[in-house]
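The values are calculated or read from the model by the stated rules, or taken from the named source; none is laboratory data. Nothing here was measured: the structure is a model prediction, and the numbers come from that model. All Cβ positions, glycine included, derive from the backbone under ideal geometry; neighbour counts span all protein chains shown. Just so you know, the surface numbers come from the protein's heavy atoms only, side chains and all, with ligands and any DNA or RNA stripped out. Shrake-Rupley method; radii C 1.70, N 1.55, O 1.52, S 1.80 Å.
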Amino acid sequence: MLNLLGRCCLITGGSRGIGLAIATRFAQAGATCTLVARDEAQLRNAVSSLPAPNQQQEHDFLVGDVGDESFWELSVKTKPDIRILVNSAGQPQNSLLRKTTPEAIDHLVRVNLLGAIYGTKFYASEMSRRKEGCIINISSVLADTGGAGSAIYAASKAGLQGFTKSMVAEVSRFNIRINNILPGYIETDMTAAMDSTARSMVLSKIPLERFGTVEDIANAAHYLVTSRYVTGTNLVVDGGYSAS
Ligand SMILES: NC(=O)c1ccc[n+]([C@@H]2O[C@H](COP(=O)([O-])OP(=O)(O)OC[C@H]3O[C@@H](n4cnc5c(N)ncnc54)[C@H](OP(=O)(O)O)[C@@H]3O)[C@@H](O)[C@H]2O)c1
């Protein structure tokens, strides 16, 4: 496994699911991780589940809402040494637009899109001073395919793609890379809420005939973090769902 020894990572949505799997993979490679979510008890458990870093540092957590700009102001002051930022915090939608309140729309965009934008804004400045950085945004195949009941979710995840491409033009000269992962349907709490009919329908559209695992996404994140010449890309990890 390529070495991330001594690299400090901040992973939003790190208390469970995809974020925790990425943190685990990075910690196995020697990185020191700070996990971000809103539930402190879950964060404590997640931090204690990580393999210990191979040096004096310790894994840590920050409790906060990524959609709140003031969280990021504080985060960058508390943890200025972050070299790898993974924006994985996100929330699903399961409502037709006509039944979605303006408050719910605002909330989804705030967490799924603005969370990553704020994180990048604050940490790209720090990274540019140190001339080193890697940012990974967790988008979704729904950004490309869309889906009834997911209009705002898909719009917020698609927004990450334009954002990422634009940031390449702004940050590459500071040796900062930024990429998106587009997971398909992955076994986490987010997909556990699907009923059996919806699940079977989705499964019938996945050529590799299974939902993805969080390790499938952690592998993709590890590839992006260790691939020095990859930036501005959308890495689709969906078992062929969007290709069929
Ligand atoms: N699972 C899939 O099939 C799938 C597919 C495509 C894309 N994705 C994307 O992958 C990412 C991770 O999803 P997942 O399946 O791992 O979801 P998950 O198991 O539900 O985990 C979501 C994580 O985000 C945190 N979170 C949610 N809202 C937050 C907020 N406002 N501020 C800070 N943290 C927040 C949650 O902790 P708290 O609730 O404690 O805050 C939790 O740690 C999301 O962006 C999701 O959209 C998932």
Can you name the condition, by its number, that residue 111 falls short on among (1) touching a strand residue (DSSP E or B) at 6+ places or on another chain (Cβ under 9 Å); (2) under 17 Å from residue 190 (Cβ atoms); (3) not polar (S, T, N, Q)?
(1)
Six or more apart or on different chains, Cβ under 7 Å: which pairs go from a residue in segment 23-46 that's within 19 Å of residue 79 (Cα to Cα) to one that's away from the ligand (no atom under 13 Å from the Cβ) and open to solvent by 60 Å² or more (accessible area, probe 1.4 Å)? Could you list them?
30/3; 30/5; 30/54; 32/57
Could you look through segment 1-23, keep only residues that are touching a helix residue (DSSP H, G or I) at 6+ places or on another chain (Cβ under 7 Å) and not aliphatic (A, V, I, L, M), and pick out the one that is farthest from residue 71 (Cα to Cα)?
17
Restricting segment 188-201 to residues that are within 12 Å of the ligand (Cβ to nearest atom) and over 14 Å from residue 150 (Cβ atoms), the one surrounded by the most Cβ atoms within 10 Å (Cβ to Cβ) turns out to be 188
Restricting attention to segment 153-187, which residues are hydrophobic (A, V, I, L, M, F, W, C) and open to solvent by 20 Å² or more (accessible area, probe 1.4 Å)?
155, 158, 163, 167, 168, 169, 174
Taking segment 202-222 as the region of interest, how many residues are assigned to a helix (DSSP H, G or I) and either open to solvent by 80 Å² or more (accessible area, probe 1.4 Å) or under 25 Å from residue 29 (Cβ atoms) (or both)?
9
Just for segment 234-244: of the residues that are open to solvent by less than 50 Å² (accessible area, probe 1.4 Å) and part of a loop (DSSP other than H, G, I, E, B), which one is farthest from residue 187 (Cα to Cα)?
240
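Conditions tested, residue by residue: (1) of a type outside the set (A, V, I, L, M, F, W, C); (2) more than 16 Å from the ligand (Cβ to nearest atom); (3) in contact (Cβ under 8 Å) with a residue 12 or more places away in the chain.
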position: 147; (1), (2), (3): yes, no, no
position: 154; (1), (2), (3): no, no, yes
position: 159; (1), (2), (3): yes, no, yes
position: 172; (1), (2), (3): yes, yes, yes
position: 177; (1), (2), (3): yes, yes, yes
position: 182; (1), (2), (3): no, no, yes
position: 210; (1), (2), (3): yes, no, yes
position: 231; (1), (2), (3): yes, yes, yes
position: 238; (1), (2), (3): yes, no, yes
Output the qualifying pairs, or none if there are none: Cβ atoms under 9 angstrom, residues six or more apart or on different chains, first residue in segment 84-108 and under 30 Å from residue 5 (Cα atoms), second residue in a loop (DSSP other than H, G, I, E, B) and open to solvent by 30 Å² or more (accessible area, probe 1.4 Å).
84/7; 89/38; 89/65
Would you confirm whether or not segment 34-54 contains a residue that is under 17 Å from the mean Cα position of the chain (by Cα), under 23 Å from residue 171 (Cβ atoms) and surrounded by 15 or more Cβ atoms within 10 Å (Cβ to Cβ)?
yes
